Amino acid sequence: MNRKTFVKNCGMSCLGLLVAPAILQGCAGTKYIAAPIVGSDMIVPLSAFEVIKEAGIQYRQYLVVQNDSLQFPICVYRISPETYHALWMKCTHQGTELHVFGNKLQCPAHGSEFSNAGTVQNGPASENLKTFAVVLEGTSLKIDLR
Ligand code: FES
């Protein structure tokens, strides 16, 4: 290995060490759960949003909810203790599964972005995401899949 290759390899290794923790931290922030479907409703326990820390219970901003009978997952945002948004994670441009980052969903195919209410923020998608009605019932959310 010559000097130039050695320096290049060291630089790439250092870059990897800097970037890897950020990527892993991003992955750790998203919680995926499998949720049952009863009739036409997907049932999500509110406890899935809870994160127990030393300081007390904190709440996740969102969950990604899956069921084998659905072609795409649903992203459920906790806007407040009484308000939740459920978004179909299928891009309205050409149907790619979206990724969720904080308050946004992004499409890995061509870069469209959607808000946590499902509104298009950047194209090429021009239609908002499909949303589902969410009803808070006791200790669960019922997501109406109709
Ligand atoms: S499929 Fe999502 S932006 Fe094209």
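The values are calculated or read from the model by the stated rules, or taken from the named source; none is laboratory data. Since we're looking at a predicted model, the values are computed, not measured. FYI the Cβ positions are ideal-geometry reconstructions off the backbone, even for glycines, and counts take in every protein chain you see.
Summary table
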read-out: Output for the range 39-83, where each listed residue is within 18 Å of residue 132 (Cα to Cα), touching a helix residue (DSSP H, G or I) at 6+ places or on another chain (Cβ under 9 Å) and either modelled with pLDDT under 90 or hydroxyl-bearing (Ser, Thr, Tyr) (or both); value: 62
read-out: Single match in 35, 125, 48 (criterion: within 13 Å of the ligand (Cβ to nearest atom) and not β-branched (Val, Ile, Thr)); value: 125
read-out: Close pairs from the range 92-112: first within 19 Å of residue 32 (Cα to Cα) and in contact (Cβ under 8 Å) with a residue 60 or more places away in the chain, partner more than 7 Å from the ligand (Cβ to nearest atom) and of a type in the set (Gly, Ala, Ser), Cβ under 8 Å, at least 6 apart; value: 101/26
read-out: Test: residue in the range 81-90 that is more than 18 Å from residue 30 (Cα to Cα), more than 10 Å from the ligand (Cβ to nearest atom), among the charged types (D, E, K, R) and surrounded by 14 or more Cβ atoms within 10 Å (Cβ to Cβ); value: no
read-out: Residue satisfying all of: in the range 54-104; among the small types (Gly, Ala, Ser) and not in a strand (DSSP E or B); farthest from residue 122 (Cα to Cα) among these; value: 55
read-out: Among the candidates 146, 60, residue that is away from the ligand (no atom under 16 Å from the Cβ), of a type in the set (Lys, Arg) and farther than 17 Å from residue 32 by Cα; value: 146
read-out: The range 110-135, residues that are of a type in the set (S, T, N, Q), within 17 Å of the chain's Cα centre (by Cα) and surrounded by fewer than 16 Cβ atoms within 10 Å (Cβ to Cβ); value: 119, 121, 128, 131
